[in-house]
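One structure below.
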Amino acid sequence: MTVKEENFELVTETERLVIRPLKNTDYENWYKEFSNRYPSKHRHDQGKMDMSECTKDWFEGLVHKHRKLAHADTAYVFGVFRKEDGTHLGMVDFSTLEREDFQWGRLGYSIHNQYWGMGYGKEAVRKGLTIGFNDLKFHRLEAHINLDNEASINLAKSVGLKYECTREKFIFEFGEWTDNLIYYKNSIK
């Protein structure tokens, strides 16, 4: 098996969490938790979302898309589930920026806002780093964070990511090119 195939079905656990790719059978749980989000607390919180287009068929298409991205070594999306009851809490994802001599990826993370302040984000991202380095074989992982996203900055720092630089006009969002802080970690190997 290649790295891509091995990690396509990767399931890993922490003390309180199960982290794995989404499956078609996750639809009701996934839909419920997105629907139960609180209203947005700041501009980096999507808050309540319009779920009208998120049918079961749409979700199965999303799961299929995630599988294709993983097989292509383009991106890996892992659902974060509470171990005690299977509740979908959010996600951890990776995008391949460059392989070959770099083994460089981007780390993303999101926890539904109704579960903020319970330590799930820190636990998921800490385990996500292990997945990224040990299972997906990245040497360097970066988190790209908006300048005013204090919660994400604090989370990145709390799991050992270090500030490297500010990339100016780095990503097009909020209708404009925005700056991002770059926090990174290299594998120990």
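Under 8 Å for C-alpha pairs, at least 6 residues apart: give me the relative contact order for segment 131-186, rounded to a whole percent.
Working: 80 pairs, mean separation 22.9, N = 56.
Answer for segment 131-186 is 41 percent.
With r defined as the distance between the Cβ atoms of residue 15 and residue 98 and R0 fixed at 22 Å, what FRET efficiency is calculated, to the nearest 0.05?
Working: r = 33 Å, r/R0 = 1.52.
Efficiency at R0 = 22 Å is approximately 0.05.
Taking square-rooted eigenvalues a ≥ b ≥ c of the alpha carbon gyration tensor, is the chain rounded, prolate or oblate, where a/c under 1.5 means rounded and, failing that, a/b exceeding b/c means prolate? List each step's numbers first, then the result.
Numbers: a/c = 1.42, a/b = 1.10, b/c = 1.29.
Since a/c stays below 1.5, the shape of the chain is classed as rounded.
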Provide the gained length on full extension for the span residue 83 to residue 130, in nm with one decimal, where the gain is 0.36 nm per separating residue minus the Cα-Cα distance.
15.1 nm
Rel. contact order, % - alpha carbon contacts under 8 angstrom, at least six apart, the chain
17
For the modelled label position 7 Å from the Cα of residue 50 along Cα-to-Cβ, which residues of segment 146-179 have backbone nitrogen atoms closer than 12 Å?
none
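With n ≥ 4 as the cut-off for DSSP H runs, can you work out [θ] at 222 nm for the chain, using -39500 (n - 2.57) per run divided by the number of residues, rounded to the nearest 500?
On the way: 5 runs with 51 residues, N = 189.
Rounded to the nearest 500, it is -8000 deg cm²/dmol.
By its C-alpha gyration tensor, with a ≥ b ≥ c as the square roots of the eigenvalues, how is segment 89-169 shaped: rounded for a/c under 1.5, else prolate for a/b larger than b/c, else oblate?
Numbers: a/c = 2.07, a/b = 1.31, b/c = 1.58.
Because a/c hits 1.5 or more and a/b fails to exceed b/c, segment 89-169 counts as oblate.
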Return the distance in nm (one decimal) between the two label points of a simple spin-label model at residue 148 and residue 35, each offset 7 Å from Cα along Cα→Cβ.
3.3
Most positive-pole-ward Cα, 130, 143, 87, against dipole of the chain from beta carbon charges:
130
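Roughly how big is segment 3-141's charge dipole about its Cα centre, with Cβ charges of +1 (Lys, Arg) and -1 (Asp, Glu), in debye to the nearest 20?
Working: 22 positive and 22 negative charges, 80 e Å.
I would put it at about 380 debye.
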Subset of 32/185; 68/127; 48/83; 68/169; 83/162 violating a 28 Å alpha-carbon distance limit
32/185; 68/169; 83/162
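In a shell of Cβ-Cβ distance under 9 Å around residue 183, excluding residue 183 itself, what net charge do Lys and Arg (+1) and Asp and Glu (-1) give?
Values: positive: 157, 162, 185; negative: 142, 164.
That sum, taken over residues with Cβ under 9 Å, equals +1.
No value in this document is a laboratory result; all are computed from the given coordinates. Keep in mind it's a predicted model, so treat the numbers as computed, not measured. All Cβ positions, even for glycine, are placed from backbone atoms using ideal geometry, and neighbour counts span all protein chains on display.
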